[in-house]
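Undergrad: Once you've had a glance at the structure underneath, I'll fire off some questions.
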Amino acid sequence: MHDDLKKDIVVAVKWSSVAEIAAKLLTPVVSMVLARLLAPEAFGVVTSLVVIISFAEIFTDAGFQKYLIQHDFGSAADLHRSSNVAFWCNLCLSILLWIVIFIFREPLATCVGSPNMGTALAVASLSIPLSAFSSIQIALYKRTLDFRTLFNVRVVYVLVPLLVTLPLAFFLKNYWALVIGTLSQNIVNALLLTCWSKWKPSLYFSFRDLKEMLSFSLWSLFEAISIWLTSYVDVFIVGTMLSQYYLGLYRTSSVLVGQILGLVTSVTTPILFSSLSRLQNDRESFFNLFFKFQKMVAMVAFPIGVILFSYDELVTKILLGETWMEASFFIGLWGLSSALMIVMSHYCSEIYRALGKPKLSVLAQWLHIIVLWPAVWLSVGYGFHTLCWVRSSVRLEFIAVHLLIVWVVLKISPLKISRNIVPALFAATLMLGMTYLLRCVGSSMTVQIGSLCVSLLVYVGCVMMFPKERVLFFDLAKMVRR
């Protein structure tokens, strides 16, 4: 790996980490207050609307972000021309989709289990053109590993809920606070990214460039649709077969876990994809970087997963409040399964994309969908508790699918991937055992927090026994200090 790329990766990891730490310090605080001001039903309404909005946003990007990050351009002028083509396509298509949603707002809202919420859907869908307006700038920042600028935008972005969403939630006490707060964030995001970007959109368009970009991005679009189906099919089923209350519990729980583990994925995933894309022609450096990232992520994700699983009621009580205690069971299961998913399958997808093989990701998604859909559909009929068990357990099948594809197509043994994370997995298992032993001491909040700290010390001590993990730990510490 080139020294310049190593330096860029180090700087990118540092600024991306700082951004995510800042976001994760503020976001849970906002979530804690919102969960106490708004009922689960309000979150359920917004979640059902997001099903439609997120699907529309797939088509506004059409895979152009990945094309701009990954493609080798002959010159800066070529990059700028392609950026303009992508920008105008995104913006025009997003406006068209918003018009369609506006016209059919009532039937669409009813379809996702939120009848009479057409007006809210029309307003919330304004996020589609706003997101499209800034997506190309984000891609160009990621391409150059300029995560320092993205850090500045991210900090302002996470401050908006403090100034907009929370006051509205206090006065309105309904879902409109969440809708308007999200729109405000997207407006600020679009303005800052456009103002600070060196690239500015100009009146240029080329159908020849568009054809080339679409030929590259078509499978990325199929991949995005497949990911949406695996991410939102359960939300759609829960929203139509259970109440808005349970949809709010279900989605808020998974989002909360995503926010916590997002401290790991949001820091590493964009950097890993951008870096691997630069190394796609150097197989040895490519996979060396992948295994290093995987080991590093495992060291952080596994203890978080154990904490969420072992202290699910404590986490729920602190972050959401007593009203949400019925969701604690799902938070624990989803946290543990998410940690395994991130390490064992999430980064396999980044390999496919960086190598220009999105077909493999599409294949993996559909091999999971054919199991996921029937499992969720059948389990939801037995109640919320059964749904939580089945939805979390079926993710193990997704891990097996990714490991099989990596082995058959890319000739990387699942044993090699597994051995790479054995130290972190071993330490996490000891930590899990320690948490259950310490439960005998007492169940008060003070005792639980004390036992959590002891369990973490056990984990760190166990990890430090392994030479490679110890070196990586100190490398990370040096990286943060730079």
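The values are calculated or read from the model by the stated rules, or taken from the named source; none is laboratory data. Since the model is a prediction, treat every value here as computed from it, not as a measurement. Here Cβ is always computed from backbone atoms with ideal geometry, including for glycine, and neighbour counts include all displayed protein chains.
Undergrad: Please determine whether any residue of the range 196-218 is within 30 Å of Val390 (Cα to Cα) and surrounded by 18 or more Cβ atoms within 10 Å (Cβ to Cβ).
TA: no
Undergrad: Looking at the range 106-125, which of its residues are in contact with a helix residue (DSSP H, G or I) (Cβ under 6 Å, 6 or more places away or on another chain) and not in a helix (DSSP H, G or I)?
TA: Of everything in the range 106-125, those that are in contact with a helix residue (DSSP H, G or I) (Cβ under 6 Å, 6 or more places away or on another chain) and not in a helix (DSSP H, G or I) turn out to be Val112, Gly113, Ser114, Met117, Ser125.
Undergrad: Here is a follow-up. Grab the helices (runs of 4 or more DSSP H) fully contained in the range 144-215, keeping just those with 1 or more residues being of a type outside the set (Val, Ile, Thr) and under 30 Å from His80 (Cβ atoms).
TA: 147-163, 176-196
Undergrad: Being more than 23 Å from Leu242 (Cβ to Cβ), more than 23 Å from the chain's Cα centre (by Cα) and among the aliphatic types (A, V, I, L, M), is that true of even one residue in the range 108-122?
TA: Yes, there is a match, as at least one residue in the range 108-122 is more than 23 Å from Leu242 (Cβ to Cβ), more than 23 Å from the chain's Cα centre (by Cα) and among the aliphatic types (A, V, I, L, M).
Undergrad: Oh, and also: Answer yes or no as to whether Ala139 is crowded, with 20+ Cβ neighbours inside 10 Å, in contact with a helix residue (DSSP H, G or I) (Cβ under 8 Å, 6 or more places away or on another chain) and within 27 Å of Phe102 (Cβ to Cβ).
TA: No, not satisfied.
Undergrad: Continuing with this model, one more query. Being more than 25 Å from the chain's Cα centre (by Cα), closer than 22 Å to Ala339 by Cβ and among the small types (Gly, Ala, Ser) narrows it down to one residue among Gly381, Gly461, Gly450; which is it?
TA: Gly461
Undergrad: Any chance the range 184-203 includes a residue that's modelled with pLDDT under 85, hydrophobic (A, V, I, L, M, F, W, C) and more than 29 Å from the chain's Cα centre (by Cα)?
TA: yes
Undergrad: So Val390 passes all but one of these: (1) under 22 Å from Trp324 (Cβ atoms); (2) touching a residue at least 60 places away in the same chain (Cβ under 8 Å). Which condition number does it fail?
TA: The single condition Val390 does not satisfy is (2).
Undergrad: Then there is this: Quick one: Ile99 ticks every box in (1) in a loop (DSSP other than H, G, I, E, B); (2) surrounded by fewer than 15 Cβ atoms within 10 Å (Cβ to Cβ) bar one, so which box is it?
TA: Single failed check for Ile99: (1).
Undergrad: Give just the number: which of (1) more than 23 Å from Ile52 (Cα to Cα); (2) in contact (Cβ under 8 Å) with a residue 40 or more places away in the chain; (3) among the polar types (S, T, N, Q) does Ser215 not satisfy?
TA: If we test Ser215 against (1) more than 23 Å from Ile52 (Cα to Cα); (2) in contact (Cβ under 8 Å) with a residue 40 or more places away in the chain; (3) among the polar types (S, T, N, Q), just (2) comes out false.
Undergrad: Go through the residues of the range 111-118 one by one and say whether even a single one is more than 30 Å from Gly321 (Cβ to Cβ) and at pLDDT 85 or above.
TA: yes
Undergrad: Right, another one. Output the residues belonging to the range 136-173 that are among the polar types (S, T, N, Q) and modelled with pLDDT of 80 or more.
TA: Selection gives Gln137, Thr165.
Undergrad: Check whether at least one residue in the range 257-267 is surrounded by fewer than 19 Cβ atoms within 10 Å (Cβ to Cβ) and at pLDDT 80 or above, and report yes or no.
TA: Scanning the range 257-267 turns up at least one residue that is surrounded by fewer than 19 Cβ atoms within 10 Å (Cβ to Cβ) and at pLDDT 80 or above.
Undergrad: Quick check on my filter: what residues within the range 353-385 are free of Cβ contacts under 8 Å to residues at least 24 places away in the same chain, of a type outside the set (Val, Ile, Thr) and either in a helix (DSSP H, G or I) or surrounded by 22 or more Cβ atoms within 10 Å (Cβ to Cβ) (or both)?
TA: Selection gives Pro374, Ala375, Leu378, Ser379.
Undergrad: Assess whether Ser243 counts as being farther than 22 Å from Tyr67 by Cβ and not aliphatic (A, V, I, L, M).
TA: yes
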